[in-house]
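The values are calculated or read from the model by the stated rules, or taken from the named source; none is laboratory data. A quick note: this is a predicted structure, and the numbers were derived from the prediction, not measured. So basically every Cβ, Gly included, is an ideal-geometry build from the backbone, and we count neighbours across all protein chains shown.
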Amino acid sequence: KTEVALRAAFVAAMSGKQVAVIAPTTLLARQHFKTFEERFSGWPLKVRHLSRLVGAREASETRAGLTDGSVDVVVGTHALLAKGIDFKRLGILIVDEEQRFGVKHKERLKELKADVHVLTLSATPIPRTLQMALTGIRDLSIIATPPVDRLSVRTYITEEDTVTLREALLREKYRGGQAFFVAPRIQDLDKLERFLAEHVPEVSFIVAHGQMAAGELEDIMTAFYEGKYDVLLSTTIVESGLDIPRANTLIIHRADMFGLAQLYQLRGRVGRSKLRAYAYFTTPRDKVVTETAERRLRVLQSLDSLGAGFQLASHDLDMRGSGNLLGDQQSGHVREVGVELYQSMLEDAVRALKSGAGAADEVADDWSPQINLGVAVLIPEDYVEDLSIRLSLYRRLSDISTAQDREAFAAELIDRFGPLPEPTKQLLDVTAIKVQCKALGIAKLDAGEKGAVFAFRDDTVLDPARLMDLVRSRPNVLRLRPDSKLVHSYTGGDAVTRLGRVRAFLKELEAAAGLVSA
């Protein structure tokens, strides 16, 4: 992700625009500043740093440089969002670890300049942001391939156990690596210090947390980065983006107190080299872990492949809901209208805005015929066992609009899962019928054992005169009711026969309307 940010920043800065890079913690901002400074050292670009780790004089020089345009790239924390900061020609804003910022911060970013490009980076986007990307309000790009030789992190969920933790820390020490030991609260650090001193006296450790003075914290992190200590005992200040390739063991105390994205981010601090890394999520022996916390830990253990952040964010969206696009909740379900309707309305609005049409025009075109044939139409569970694969197949099927695509889809199913079961064949037939009905302007089709009823939309392509000719030519089989619904009678037959009759009659209607069959 950092590489993408570096290249985007370089293109913008060399085009004469200013670049602002915002990170959630002072430690990550400092790390990014060093990376940017190093990469841009051979170019005529001025890179500055702005956070509480920077002295007052240097900070005021940086602010002045942003206002007069002499600073090209500034890397900092949300100190960059303070009211007194004014950019002369801001071109791109890069937000790292987007999930750590609140809605108010993000809205303040938008106010900086109306025409600024924004690049947000996150391994685990917050539900509201993921929803924005999935509905087309934001563009989305996924990096799913890990760096060369990178191995996935082995994840263990265990009750607090002295022997396991001692072994883990010593194994890391003896292979020349370092470890993170993370606690949820500052008051837990004393207890863990005593644990390390008593049970693992062989390792040297140092303590870090966010309430330390800026200089002290910087010295501690530098010492750990340079390998002077085996273990960094800290709060979640190490959560965001720190890159210490030598650290390959992570132990989390009271993992049940952390959120899903937090745990994933913390696990991402290890396994940043070619060595196998290990993560231990510990839960208390004497307390019952809540069902939600248990579920979070299980999800995390199941997602141990590289680049699983997007799946994790999707789980988070399912578990917590997508929040409110127009308000400041970043999670929560849309209970007033239901999520399906909300999603559909949102997609209509986005499509209408993108095409420049009115919302009403768009929705008018985006209708779907109701088909009720009284036959089983589904992809059975024993044919495709994985629920997420079944859902994605249904989603793809709903987008199919030509006979050619339908045949290709059926061939793919046979190739992947074996011969088509009867309900799936019928599902493909119903999909074809739906396409035919939409082309003809048939809003609803009900078919039973004795016949089928067709209800037409006002904008049907069928000419009423030709329809009447068709009805007159077969008075025993066809009848037009006073409510303008067309009744097609037939006798008996099983589900397959019924589907065949409906499709054959729709072809007759297509011929009457001058359409080519689907």
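Annotations
- Residue within segment 430-448 that is in contact with a Gly (Cβ under 9 Å, 6 or more places away or on another chain) and loosely packed, with under 15 Cβ neighbours inside 10 Å present: yes
- Only listed residue being outside the structural domain of residue 268 (by TED's automatic domain parsing), more than 19 Å from residue 6 (Cα to Cα) and in contact with a Leu (Cβ under 8 Å, 6 or more places away or on another chain), chosen from 59, 64, 29: 59
- Leading residue by the ranking (surrounded by the fewest Cβ atoms within 10 Å (Cβ to Cβ)) among those in segment 11-26 that are in contact with a Leu (Cβ under 8 Å, 6 or more places away or on another chain) and not in a strand (DSSP E or B): 14
- Across segment 49-91, the number of residues qualifying as out of contact with any Pro (no Cβ under 9 Å at 6 or more places or on another chain), over 15 Å from residue 26 (Cβ atoms) and not in a helix (DSSP H, G or I) comes to 13.
- Answer residue from segment 245-273, given it is buried (at least 23 other Cβ atoms within 10 Å of the Cβ) and among the small types (Gly, Ala, Ser) and is nearest to residue 175 (Cα to Cα) among those: 247
- Residues of segment 177-213 satisfying the condition of being assigned to a helix (DSSP H, G or I) and either more than 27 Å from residue 29 (Cβ to Cβ) or not hydrophobic (A, V, I, L, M, F, W, C) (or both): 187, 188, 190, 191, 193, 194, 195, 196, 197, 198, 199
- Checked across segment 460-469, the condition of being surrounded by 15 or more Cβ atoms within 10 Å (Cβ to Cβ), in contact with a Gly (Cβ under 6 Å, 6 or more places away or on another chain) and at pLDDT below 85 holds for at least one residue.
- Residues that are surrounded by 13 or more Cβ atoms within 10 Å (Cβ to Cβ) and out of contact with any helix residue (DSSP H, G or I) (no Cβ under 7 Å at 6 or more places or on another chain), drawn from segment 364-375: 370, 372
- Of all residue pairs spaced 6 or more apart or on separate chains, none has beta-carbon atoms under 9 Å together with a first member in segment 497-508 that is under 14 Å from residue 372 (Cα atoms) and not assigned by TED's automatic domain parsing to the domain that holds residue 471 and a second member that is assigned to a helix (DSSP H, G or I) and not charged (D, E, K, R).
- If you go through segment 165-187 and keep only what is farther than 19 Å from residue 248 by Cβ and either more than 33 Å from the chain's Cα centre (by Cα) or polar (S, T, N, Q) (or both), you end up with just 187.
- Identity of the residue in segment 66-105, out of contact with any helix residue (DSSP H, G or I) (no Cβ under 8 Å at 6 or more places or on another chain) and not small (Gly, Ala, Ser), that ends up modelled with the lowest pLDDT: 100
- Across segment 376-421, the number of residues qualifying as outside any helix (DSSP H, G or I) and surrounded by 11 or more Cβ atoms within 10 Å (Cβ to Cβ) comes to 12.
- Filter result for residue 276 (over 21 Å from residue 121 (Cβ atoms), at pLDDT 75 or above and surrounded by fewer than 19 Cβ atoms within 10 Å (Cβ to Cβ)): yes
- Residue 497 fulfils the conditions (1) polar (S, T, N, Q); (2) under 26 Å from residue 424 (Cβ atoms); (3) at pLDDT 85 or above except for a single criterion, (3).
- Positions within segment 423-477 being more than 40 Å from the chain's Cα centre (by Cα) and of a type in the set (Lys, Arg), in sequence order: 450, 466, 472, 474
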